Every structure is written in structure tokens, then in C-alpha cells.
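This report concerns only the one structure given below.
Read-outs throughout are calculated quantities, based only on the coordinates presented, and are distinct from any laboratory measurement. Source: prediction; values computed, not measured. We place every Cβ from the backbone using ideal geometry, glycine too, and count neighbours over all the protein chains shown.
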Amino acid sequence: MVLLKGRPYADRRQAARLLGRSRLGYATYHPLILGIPRGGVVIADTSARELDAELDIVLTR
């Protein structure tokens, strides 16, 4: 991991890309990535694209 100006990642999308790439072994299982609104959907979307996985949103109350 490379620190960028005191931060571990430049932004959420970079963190999600790295997370998705680190989970490429799961791509053969056809995973479903769930995102929680208010920040988590961006991460879920980017990770799902890296894995070519399905994406859905979980709404909480």
C-alpha cells in the first residue's frame, strides 16, 4: 500500500479498484456485490466492475 499525502488511498474509487482486484479469485463464483447508500454504492459499483459481478443496493432504515 502506498500512502498518498498521509492517506492510504487517493479516493474511494481507488480503494474499491484495489479491493476488487484483491478478490479476483472469487469472480468464478459469480458474486453479488451489495452497496449501502451514503458512500458504499460507489465502492460496490467499482468493485463489481473489477470482478464483472452483479451489483445491488441494500436499503437500511
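Some points to look at:
- Mean shadow area of the range 12-57, taken as a quarter of the surface of its Cα convex hull (nm²): 2.6 nm²
- D45, D56 arranged by Cβ crowding within 10 Å, fewest neighbours leading: D56, D45
- Axis of helix 40-51 versus longest Cα principal axis of the chain: the two differ by about 80°, to the nearest ten degrees.
- Total charge dipole magnitude, the chain, about the Cα centre, Cβ charges on Lys, Arg, Asp, Glu only, Debye to nearest 20: 360 debye
- The mean sequence separation of alpha-carbon pairs under 8 Å and at least six residues apart, normalised by the residue count of the range 12-57, gives a relative contact order of 48 percent.
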